[in-house]
Amino acid sequence: MPERLLSVQFKARFQSGVDEIRISMMSCLFCSFADGSIPVERVGENENAFAIRDINPVAPTHILIIPKDHFENAAEVVRVDSAVMASIFALADEIARAQSLDGYRTVFNTGASVGQSVFHAHLHLLAGRTFGWPPG
């Protein structure tokens, strides 16, 4: 269930915006990674985003770059704070350079119908094998 739906269900019980945000963050795995309540090994980080290895990699290099603030998907990141999107791609480039990748693919899934399973925006950085075109 997407985090936004959980926060809406609790909205009637809590009058304070702080309580509503806390409920939404508690329901989001990536928010728990971001705030440190669930420890995770970070392979990169900047002011607005952090990176972790995907637990179900589809390529030899499969890293998730996750904004520290909660956004449901990539479209929301751009609508709310385009500087965060720039930080996400800057971190992808930094990681690619640090790992001496000769090329890489970046993918955002936006919506369940195309494979988004965690409804906190995240960029997949994929490398280390040949990729076909078109994807999918």
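Within the range 104-136, the set of residues being touching a strand residue (DSSP E or B) at 6+ places or on another chain (Cβ under 8 Å) and over 17 Å from Pro57 (Cα atoms) comprises His120, Ala121.
Number of residues in the range 103-136 that are on the phi > 0 side of the Ramachandran plot and of a type in the set (Lys, Arg): the value is 0.
The set of residues in the range 94-128 being within 16 Å of Glu45 (Cα to Cα), in a loop (DSSP other than H, G, I, E, B) and in contact with a helix residue (DSSP H, G or I) (Cβ under 8 Å, 6 or more places away or on another chain) consists of Ala121, His122. When Ile38 is tested against the conditions (1) surrounded by 19 or more Cβ atoms within 10 Å (Cβ to Cβ); (2) in contact with a Ser or Thr (Cβ under 6 Å, 6 or more places away or on another chain), the lone failure is (1). Within the range 41-62, the set of residues being in a loop (DSSP other than H, G, I, E, B), touching a Lys or Arg at 6+ places or on another chain (Cβ under 9 Å) and free of Cβ contacts under 8 Å to residues at least 24 places away in the same chain comprises just one member, Glu41.
The number of residues in the range 70-91 being free of Cβ contacts under 8 Å to residues at least 40 places away in the same chain, closer than 13 Å to Glu45 by Cα and surrounded by 16 or more Cβ atoms within 10 Å (Cβ to Cβ) comes to 1. Filtering the range 92-136 to residues that are without any contact (Cβ under 8 Å) to a residue 12 or more places away in the chain, loosely packed, with under 11 Cβ neighbours inside 10 Å and of a type in the set (Gly, Ala, Ser) leaves Ser100, Ala112, Ser113, Ser117, Gly132, Gly136.
No value in this document is a laboratory result; all are computed from the given coordinates. Keep in mind it's a predicted model, so treat the numbers as computed, not measured. Every residue, glycine as well, gets a Cβ built from its backbone with ideal geometry; the counts of neighbours run over all protein chains shown.
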